[in-house]
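Student: Before I ask anything, here is the structure I am working with.
We did not get these values from a lab; they are worked out from the coordinates using the rules stated. No experiment lies behind these values; they were computed from the predicted model shown. Virtual Cβ from ideal backbone geometry, glycine too; neighbours counted across all protein chains shown.
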Amino acid sequence: MGPGEQERVAVIGLGASGEAAAHLALAKGARVHVTDSKSEDPVAARGAALRARGAEVRLGRHDIEEIAAADTVVVSPGIGPRAPVLAALRARGVRWVSEPEYASRFIQSPLTVVTGTNGKTTTAALCAHLLCAGGVDAALGGNIGGGLGPPASTLALTHPAADRIVLELSSFQLA
């Protein structure tokens, strides 16, 4: 990408994390292409909202050519590693990042990331609680409570000046 060129970001998957990544990319001035193999609600409603903000949205199928042409490809955690769209991109040598990795490009705050087999929600919530109790402006998100917390991309937009961001990330968010 040359000087002054607008970054092209493709987001695969329009669940909560994919939607958040698309909103972040739009807020940062990127040209955004969002794609999901589903076309019914809530995906359709999310797609309409993003289209209204200027994103190109393709529902019901993936356009491999359009995705491969992007400068950055963000994969929502709901897309399994063996998904046909990823196999097609892998065959072309296209690299991608996870939603939390994409968000981390825009997060200036130090990150505390909790992952593992058991106790992630409790540990992440306790970390954030103790930080806040100690006077630290800490934001909590990620897969907290099985996806009830805000995605990392949302925190990148809503807590730009937090002293620390605590994220719970499950293995499927790290791939």
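Student: For the stretch 55-155, what are the per-bin percents of Cα-Cα distances with bins 10 Å wide, up to the bin holding the maximum?
Tutor: Computed distribution, short to long bins: 12, 37, 28, 17, 5.
Student: Let me ask you something else. Identify the residues of the stretch 154-175 with backbone N under 20 Å of a label point that sits 7 angstrom from the Cα of N118 along the Cα-to-Cβ direction, or state none.
Tutor: The answer is 168-172.
Student: Another question, then. Can you give the Rg to Rh ratio of the stretch 8-99, both from alpha-carbon atoms, with Rh computed by the Kirkwood formula?
Tutor: Checking Rg against Rh, the ratio lands at 0.92.
Student: Just want the ordering: R46, R95, from fewest to most Cβ atoms lying within 10 Å of their own Cβ.
Tutor: Working: R46 21, R95 8.
Listed from fewest to most nearby Cβ atoms, that is R95, R46.
Student: Give, rounded to the nearest 20 debye, the magnitude of the charge dipole that the chain has about its Cα centre when Lys and Arg contribute +1 at Cβ and Asp and Glu contribute -1 at Cβ.
Tutor: Working: 16 positive and 16 negative charges, 49 e Å.
Taking the Cα centre of the chain as origin, the dipole is about 240 debye.
Student: For the stretch 46-109, restrict the atom set to alpha-carbon positions and state the Rg and Dmax in Å.
Tutor: Spelled out, the Cα radius of gyration and Dmax of the stretch 46-109 are 12.9, 37 Å.
Student: Give the separation of the Cα centroids, the stretch 4-65 to the stretch 115-175, in Å.
Tutor: The two parts, judged by their Cα centres, are 24 Å apart.
Student: In a Debye calculation with equal point scatterers on the alpha-carbon sites of the chain and no solvent, what is log10 I(q)/I(0) at q = 0.13 Å⁻¹?
Tutor: Debye intensities relative to I(0), on a log10 scale: -0.64.
Student: Find the relative contact order for the stretch 75-165 and round it to a whole percent, using C-alpha pairs within less than 8 Å whose residues are 6+ positions apart.
Tutor: Computed over the stretch 75-165, the figure is 32 percent.
Student: Continuing with this model, one more query. Have a look at A22, P84, V11 and report the one farthest towards the positive end of the charge dipole of the chain, computed about the Cα centre with Cβ charges (Lys/Arg +1, Asp/Glu -1).
Tutor: With unit charges placed on the Cβ atoms, the residue in question is P84.
Student: Give me P(r) over the stretch 107-173, computed from all C-alpha to C-alpha distances, binned every 5 Å, as integer percentages.
Tutor: 4, 21, 31, 25, 15, 3, 0
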